[in-house]
């Protein structure tokens, strides 16, 4: 059975100090007080209003006897005292981000969570800052600006802290923003290294150590030569998703977002280094290998999803792998020391691609589904948000299965000319999404990593836009956009308990051992994000192209839920 | 100069019955390109019992009722990436423009001001970026998205995939000030 490397997934101490739980990104808790036998009795322990009714994509953290949660814009950080009845507020920290930043956030004004290390909470703000806050007092330790909203840059991702560095990247793939990731000193926020994901090798930190596995990723200055002249400067490749870290190899793994603009006719070439994954030396940022999931991306298939680090036996050989449920609809298993693709199997209905050539590493696009100017291309599956968007899956150390919350959507797509105006959207495509085969729009899927095949699926009416976690109690927790928080038997795929929260759920569950020694489960309720912006931003359902075409698939959604922003914490009675 | 040759033809055609041609100000006098000065309020209340002081020139009506200006506005709406944030009127990162909820006022003068000045929660300021007559054309087109221009003048088709019924088929929805929920108690829109 696959297992995460011990150095990246240390024994559980009952806390939950980073959204991904550990550097291997497994989101698995060893707590087992709540199990398949008693979960049906789960009850509300306490609630808390975040005071912000936009999409709550964040994960509530627990460090010691304190819970920390960060809101969407205006990115307020709250600390709750778990030792007292009702978990009253200890303090709040307000970074007061610039209100104008809301205008350059493509897909709701979300934040994907804070991270704790060495007495400090680190997180990003929508207006392009990274902040460090004293976890005990709520005092600001440092606050540095790394992005410029006037060029369309925002920060929405949860940073990763490893050793003495904080890693964060920018959002803005829909604004022609050139993507980067940087390492900041955890001590004072100063930049240790910064790597761009388009442009000349020296900007990308590509040097003699760079050894990509496939020929398509080998060459000099591919970040320039795989673009029309200068197009790489507005080329996207942003880092707004999940980071993993392998302490043994000292490698940081990060995906790169979609190339800009969406209209692929304006950027002939492979558009390196977008829609792929880099392995970088964690200390210097030097690139070690790269693999491009979607060369010359045609459909906004950002490569930013979670990378789950596992060790397993593959065809008789022990391999250090990285598992990635990718936006283009395949679960990839890559050798994380070399970037070789061991397998890429579909987990979504596919019409626009025909598999991955394991010899060349290339995704095979279906030519008839390639967008052309002045032509509507119909029945493209999966859609722009992909088979699966940012919302992270969980690997159970107990069952060896990966639990993938995902979409079941298809779309029509037409590209059109677009002007680059800094600080405004740079998209050039009109989109209409609709439900995929079966008519349901979301799925929670259990996936057998070792055998690269699906095990069971739970269909959901709306896209599943929440993350998932697993526990040693044999459970999977996730939430639905119409507000149900669910506990599922991890082996059988049967829903054992569910609770209807105030708004829809697009957040990341967490579980922890409270100061009383008992296990708790936490989730933020409050719909939004790209899928839920029709409710969070009061969009007009008569325009199917609203929210970049997502509204067409969500016309009935305003009748299913309303806005919100509430923390729910559950326990056994 | 083709106009002198066309003029007799028009006289002949119009002689057969009533004929009113729409006037097109294709390229405005550069002197008129200076910023217009309309006095509008963002509030429907004022200190005292009367309505707020509003003094408009009436220029807005000339734009709203003119098919050429509305058509130009529709083209410019895409050229200046308005659709990137407001889609085809249904909204995205910016609010919808085809409904009746107007955070900063729904008159053409209010919309011109919003484009020119920007608005605090994300609308960029386009002052100095879009010539003034084109701002008026965009604002007139925005009015057409909610059916608040004459149907005979509103655009009747789009060049891209069918997103929604054409502007000239839009049921009129007169502006209602406000009506949207601010994202947080700390930052009212």
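Bear in mind that the values in this text are calculations on the coordinates, not laboratory data. A quick note: this is a predicted structure, and the numbers were derived from the prediction, not measured. Heads up, the Cβs are rebuilt from the backbone with ideal geometry, glycines too, and the neighbour counts pull from every protein chain shown.
For this structure, a couple of remarks:
- Efficiency of FRET from Cβ geometry, residue A:368 and residue A:7, R₀ 35 Å, rounded to 0.05: 0.15
- If you take the Cα centroid of segment A:185-207 and the Cα centroid of segment A:467-513, the two points sit 38 Å apart.
- Residue exposure proxy: A:107, A:381, ordered by other Cβ atoms within 10 angstrom of their Cβ from fewest to most, comes out as A:381, A:107.
- Taking a point 7 Å from the Cα of residue A:422 along the Cα-to-Cβ direction, the residues of segment A:143-161 with backbone N closer than 13 Å to it are A:148-153.
- Residues A:174, B:64, A:340, A:140, sorted so that the one with the fewest Cβ neighbours within 10 Å comes first: A:140, A:340, B:64, A:174
- When you restrict to C-alpha pairs under 8 Å that are six or more residues apart and normalise by the size of chain A, the relative contact order lands at 16 percent.
- Percent of Cα-Cα distances greater than 38 Å, calculated over the protein assembly as shown: 37 percent
- Label-point gap, in nm, between residue B:169 and residue A:221 - each point 7 angstrom along Cα→Cβ: 5.3 nm
- FRET efficiency for the residue B:176 to residue A:265 pair, using the beta carbon distance and R₀ = 25 Å, is estimated at 0.05.
- Value at 222 nm in deg cm²/dmol, rounded to 500, when DSSP H runs of n ≥ 4 in the protein assembly as shown each add -39,500 (n - 2.57): -3000 deg cm²/dmol
- Distance between the pseudo-spin-label points of residue A:30 and residue A:150 (7 Å out from Cα toward the beta carbon): 5.2 nm.
- Centroid-to-centroid separation of segment A:297-319 and segment A:520-542 [C-alpha atoms, Å]: 29 Å
- Spatial extent of segment A:201-352: Rg and Dmax, with the Cα atoms as the point set, Å: 14.9, 47
- FRET E, pair residue B:20, residue B:46, Förster distance 45 Å, beta-carbon r, rounded to 0.05: 0.70
- Normalised by 2.2 N^0.38 Å, with N the number of residues, the alpha-carbon radius of gyration of segment A:284-385 equals 1.18.
- Segment B:43-67 versus segment A:61-127: alpha-carbon centroid distance in Å: 43 Å
- Listing A:34, B:130 from fewest to most neighbouring C-beta atoms within 10 Å gives B:130, A:34.
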